[in-house]
Amino acid sequence: MVAMDNLQMTLQKTQFNLSAYLQEYQSLVEAALDQSICVVYPEKIYEAMRYSLLAGGKRLRPILCLATSEMAGGTVEMAMPTACALEMIHTMSLIHDDLPAMDNDDYRRGKLTNHKVYGEDIAILAGDGLLAYAFEFVAVNTQNVPAAQVLQVIAKLGRAVSAAGLVGGQVVDLESEGKADVSLETLNFIHNHKTAVLLESSVVCGGILAGMQESDLQRLSHFSQNIGLAFQIIDDILDITATQEQLGKTAGKDLQAQKVTYPSLWGIEESQNQAQQLITAAIAQLEPFGAKAIPLIAIAHYITSRTH
Ligand code: GRG
């Protein structure tokens with residue numbers, strides 16, 4: 001605990017500039033994503049895939065992957081294909097989540113949703129196209145990483161999107177809609193699978209690519225599961241407190257859809273406390289990495305202070 005307090009002090013003393021860091025990594029990721037998909041015949045599907053992939057967003061998952069790879073002694077170059085794949089997977093999950101058969105949303109990232117622009121049929125296929133391409137992209141473009149580690153990353157991503165990950169979380173979320181008696185256990189299941197799994201994969205894949213040993217990967221896994229759940233608690237709070245302009249999507253959607261959320265179970269203040277406790281527990285996992293963990297610690301703090 002004392003060592004961790006020292007690290008927090010170092011963070012303050014070095015005045016790590018998180019906003020400059022995020023901006024720099026965001027531009028690297030934007031450029032790589034822009035180059036990742038060309039528009040060829042049949043143009044419509046590639047345009048639909050690019051429409052959502054390049055619609056902005058915080059790029060948190062790719063940044064977590066790049067930051068972790070760097071902390072573990074890797075480079076941005078070796079982690080960038082996986083960082084892009086994580087954003088392709090995240091974007092496809094947003095496209096499908098917004099469909100009329102699921103959350104039925106008109107806006108995402110401040111723009112009309114994919115199905116509103118291209119129609120439901122193309123939106124489903126744009127999601128499918130992004131999902132398949134994410135795996136091809138990692139396999140074909142990752143360089144200077146031993147093949148066994150690339151394979152480990154592909155397996156990790158496969159599990160994250162499967163019924164044991166995002167798909168399973170979404171199913172329980174859909175089943176819970178409109179039910180007033182959803183338990184905390186079920187709510188945690190939903191968000192551990194819908195949200196935390198991909199954040200965990202982002203961090204752990206960064207570590208795998210840089211060749212981290214298993215015990216360190218375990219620490220990173222605990223770190224990122226905790227920040228993943230905290231991220232979702234804040235997401236639930238922002239759905240109540242933020243505006244449509246801040247969110248880039250319809251605000252107040254959870255209440256409208258009669259969804260049980262963390263603030264509906266605990267209230268806003270207690271939800272904030274719980275998120276803060278998760279962030280504190282997450283950061284404690286990074287102690288052995290010393291000052292190299294400063295970017296990840298700063299990102300963890302950002303999760304509870306974000307406004308969109
Ligand atoms: C993965 C095969 C497959 C299907 C998708 C629809 C679905 C299954 C899962 C839903 C997953 C989902 C939409 C989870 C919500 C996660 C979340 C908190 C999204 C918001 O993330 P931000 O705030 O968004 O990082 P930006 O736009 O900044 O990237």
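The values are calculated or read from the model by the stated rules, or taken from the named source; none is laboratory data. No experiment lies behind these values; they were computed from the predicted model shown. Here the Cβ positions follow ideal geometry from the backbone for every residue, glycine too, while neighbour counts run over all protein chains shown.
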Requested in this report: List the number of the failed condition for Leu151; all other conditions in (1) touching a residue at least 12 places away in the same chain (Cβ under 8 Å); (2) surrounded by 13 or more Cβ atoms within 10 Å (Cβ to Cβ) hold.
Outcome: (1)
Query - Filter pass, Leu199 being out of contact with any Pro (no Cβ under 6 Å at 6 or more places or on another chain) and surrounded by fewer than 18 Cβ atoms within 10 Å (Cβ to Cβ) - result: no
Query raised in the report: Are there any pairs with C-beta distances below 6 angstrom linking a residue in the range 84-97 that is within 10 Å of the ligand (Cβ to nearest atom) to a residue that is modelled with pLDDT under 95 and of a type outside the set (S, T, N, Q), with the two at least 6 apart or on different chains, and if so which?
Result: Asp97/Asp103
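So if I check each of Val117, Val138, which one is under 30 Å from Leu217 (Cβ atoms), away from the ligand (no atom under 13 Å from the Cβ), part of a helix (DSSP H, G or I) and in contact with a helix residue (DSSP H, G or I) (Cβ under 8 Å, 6 or more places away or on another chain)?
Values: Val117 fails: under 30 Å from Leu217 (Cβ atoms).
Exactly one residue qualifies, and that residue is Val138.
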Query raised in the report: Can you name the number of the only condition in (1) crowded, with 20+ Cβ neighbours inside 10 Å; (2) over 27 Å from His308 (Cβ atoms) that Gly127 fails?
Result: (2)
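Name the residue, out of His301, His222, His308, that is more than 24 Å from Val153 (Cα to Cα), under 16 Å from the mean Cα position of the chain (by Cα), away from the ligand (no atom under 13 Å from the Cβ) and not hydrophobic (A, V, I, L, M, F, W, C). I'd like the intermediate steps shown before the answer.
Values: His222 fails: more than 24 Å from Val153 (Cα to Cα); His308 fails: away from the ligand (no atom under 13 Å from the Cβ).
Of His301, His222, His308, the one residue that is more than 24 Å from Val153 (Cα to Cα), under 16 Å from the mean Cα position of the chain (by Cα), away from the ligand (no atom under 13 Å from the Cβ) and not hydrophobic (A, V, I, L, M, F, W, C) is His301.
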Query raised in the report: Just one of Ala72, Ala67, Ala32 is on the phi < 0 side of the Ramachandran plot, away from the ligand (no atom under 16 Å from the Cβ) and modelled with pLDDT of 95 or more; which is it?
Result: Ala72
